[in-house]
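This structure is in structure tokens; I'll ask about it shortly.
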Amino acid sequence: MLALIPAIPALLIAVIWLLRTPLSGATRITIALVLGACWIGGAYAVRNEVVRPLQSLSNMVAALREGDYSMRASSATPEDALGLALMETSLLGAQLRSWRLGELEAAALLRTVMAEIDLGVFAFDEESRLRLVNRAGEKMLDVPAPRLLGQSAESLGLDRPLQGEAPRVEDLSFAGAPAGRWGIRRSTFRQDGRPHTLLVLTDLSRTLREEQLAAWRRLVRVLSHEINNSLAPIQSIAHTLRSLMTRDPAPVDLADDVVRGLTVIAGRSEGLSRFMSSYARLAQLPPPKVAQMDVGAWVRRATAMETRLSVNVAEGGPTTILGDPDQLDQLLINLVRNAADAALETGGGVTIGWAASDGHVEVAVEDDGPGVGATANLFVPFYTTKPNGSGIGLALSRQIAEAHGGTVTLANREQVTGCVATVRLPVGVASFSA
């Protein structure tokens, strides 16, 4: 209608001209029909030029809504508004198709990873009903996925892992897996606007058994080495003394030999007793009895125990922590003694200082000694590079620091010779454990 209306004035003028022009009736009718046909044909052409692109645009948008990104507008040109709209819609379809392919590839990769990992992965909706499970989860519950989906966490025996704190380790048992220690991790995500919970269960039993076996092997190796080092000379001296006692006639210096032999046996027995006492002290560290501690006073107490050389104290400002004074004193005394042993080898010195940042305090003990070589074994119990060392000082120090929620590290200094032992402890209240 909008295309027809603008031509009405021209048609009226043409009709008036025909009526006033001396023409025959047939000519007038012919001219009128021609004008009417041009009028209607032109309006129809204009209509087609507008409607066809709009229909194509509508079809493309409908295809995009249905997820079909293959449609393209072949006659789209940026020379007019409708052509530009068609061209932009075609480009949008190509972009959406690229994104869709990327999503499909990512989803395929995720499904492959989910199927291959040996962790049980479960997704529950807000009503605690299972919506997703991987292959390891099916094996864990010994039920195929189609029968699992839609069931409640309680019916699947997964209500306990969905409650309480996470991450944590707990004793669990399932139909398709033996009872043991399981690591529990949870996180939340949203799908279709609804909250979901992702539950990941890790079987730690095998890993713990392997670590326990390795720890027992290391312990037996160390204990057997230390015990054999004491029993071998005791056995040899005992055989020698028995041989001397049964000799006829008896040696003139038999009494002296017996006294010397018994002295060696007593010395080795005392050394073995000290070793076993050291092991018991390492294995039976009590839980910390926390109290407010001044870091400066703590550092000065530890340095006062070292009398072989003067320890330089670099003041770090007033700082207080919560900790067991007796245990932390033992920790720092061990580190200062080790630093002094190293510094005495080279005639160097020892410096200790502290600094607080990010809710923690770091105490650094630096020495000018020769440095350390086998850093991987420094914290292994009973490993020592000293002729008369017991090998429990650093292991005990780390155990004390970890019981206070902190860490102990030992590394060679950069650009200069020597070592730096760093104790990092929380300033405020921490979660203490034995």
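Loop only by DSSP, 14 or fewer other Cβ within 10 Å of the Cβ. Give me the GluC sites (Glu not before Pro) in the stretch 12-99 that pass, ordered by residue number.
The qualifying sites are GLU66, GLU79.
May I pose another question? Apply the Karplus curve 6.51 cos²θ - 1.76 cosθ + 1.60, θ = phi - 60°, to the phi angles in the stretch 350-366 and return the couplings in whole Hz, x for Gly and Pro.
10, 10, 10, x, 8, 8, 10, 6, 6, x, 9, 10, 10, 10, 10, 10, 10
According to a simple spin-label model (label point 7 Å from Cα along Cα-to-Cβ), what is the distance in nm between ALA314 and ALA179?
5.5
Same structure again: Run the numbers on the stretch 325-376 and let me know its relative contact order in percent, using alpha-carbon pairs under 8 Å that are six or more apart.
Values: 58 pairs, mean separation 18.1, N = 52.
It rounds to 35 percent for the stretch 325-376.
What is the gain in length, in nm to one decimal, between LEU208 and LEU35 on full extension, counting 0.36 nm per residue of separation less the C-alpha to C-alpha distance?
Length gained between LEU208 and LEU35: 52.6 nm.
Moving to a separate point now. Can you give the calculated 222 nm mean residue ellipticity of the chain, where each DSSP H run of n ≥ 4 adds -39,500 (n - 2.57) and the sum is split over every residue, rounded to the nearest 500 deg cm²/dmol?
Calculated at 222 nm, the ellipticity per residue is -17500 deg cm²/dmol.
If I compute solvent accessible area with a 1.4 Å probe over the protein chains, what percent of it on the chain is carbon and sulfur?
Answer for the chain is 57 percent, counting heavy atoms of protein chains only.
In percent, how large is the relative contact order of the chain, given Cα pairs closer than 8 Å and 6 or more residues apart? List each step's numbers first, then the result.
On the way: 567 pairs, mean separation 34.0, N = 434.
Across the chain, relative contact order equals 8 percent.
Please report, in debye to the nearest 20, how large the charge dipole of the chain is about its Cα centre when each Lys and Arg carries +1 at its beta carbon and each Asp and Glu carries -1 there.
So the magnitude is around 1260 debye.
Let me ask something additional. Just order 302-308, 245-251 by mean Cβ neighbour count inside 10 Å, highest at the front, would you?
Descending mean neighbour count gives 302-308, 245-251.
So, one more: With every protein chain left in place, what is the accessible area per residue of the chain in square angstrom, probe 1.4 Å?
Details: 26870 Å² over 434 residues.
The answer is 62 Å² per residue.
Please list the non-local residues whose amide H lies under 5 Å from the amide H of LEU132, H modeled 1.01 Å from N, same-chain partners needing a gap of 5 or more.
ALA123
For the stretch 319-378, what's the radius of gyration and Dmax over Cα atoms, in angstrom?
13.5, 37
Could you list which residues have their amide H under 5 Å from that of ALA3, counting only those 5 or more apart in sequence or on another chain, with H placed in the peptide plane?
Residues meeting the amide H criterion: none.
Scan [x] 171; [y] 222; [z] 317 for the value of volume of the Cα convex hull per residue in Å³ calculated from this model and give just the label.
Answer label, from the structure shown: [z].
Rank LEU148, ALA32, TYR44 by how far each Cα sits towards the positive end of the charge dipole of the chain (+1 on Lys, Arg Cβ; -1 on Asp, Glu Cβ) and give me just the farthest.
Towards the positive end, the residue furthest out is ALA32.
Within the chain, which whole H helices from DSSP have a Cα span along their axis of at least 27 Å and a mean Kyte-Doolittle hydropathy of -1.0 or more, if any?
Long hydrophobic helices here: 25-65, 81-116, 205-245, 254-283, 325-346.
Something else now. Using a Förster distance of 41 angstrom, determine the FRET efficiency expected from the C-beta separation of GLN55 and MET114, and round it to 0.05.
Here the calculated transfer efficiency is 0.40.
Amide H to amide H, which residues 5 or more places from VAL350 or on other chains are under 5 Å from it, using H placed in the peptide plane?
ASN312
Another question, then. Given the chain, what percent of its DSSP beta bridges are antiparallel, to the nearest 5? Mind dumping the intermediate values first?
Numbers: 50 of 54 bridges.
Antiparallel bridges: around 95 percent, rounded to the nearest 5.
Find the percent of Cα-Cα distances in the stretch 76-200 that exceed 22 Å, and round it to a whole number. Can you show the working numbers first?
Working: 3806 of 7750 pairs.
Across the stretch 76-200, Cα pairs with separations above 22 Å total 49 percent.
The values are calculated or read from the model by the stated rules, or taken from the named source; none is laboratory data. Fair warning: this is a prediction, and the values are worked out from it, not measured in the lab. Heads up, the Cβs are rebuilt from the backbone with ideal geometry, glycines too, and the neighbour counts pull from every protein chain shown. Keep in mind that these areas ignore ligands, DNA and RNA; they rest on the heavy atoms of the full protein, side chains included. Shrake-Rupley method; radii C 1.70, N 1.55, O 1.52, S 1.80 Å.
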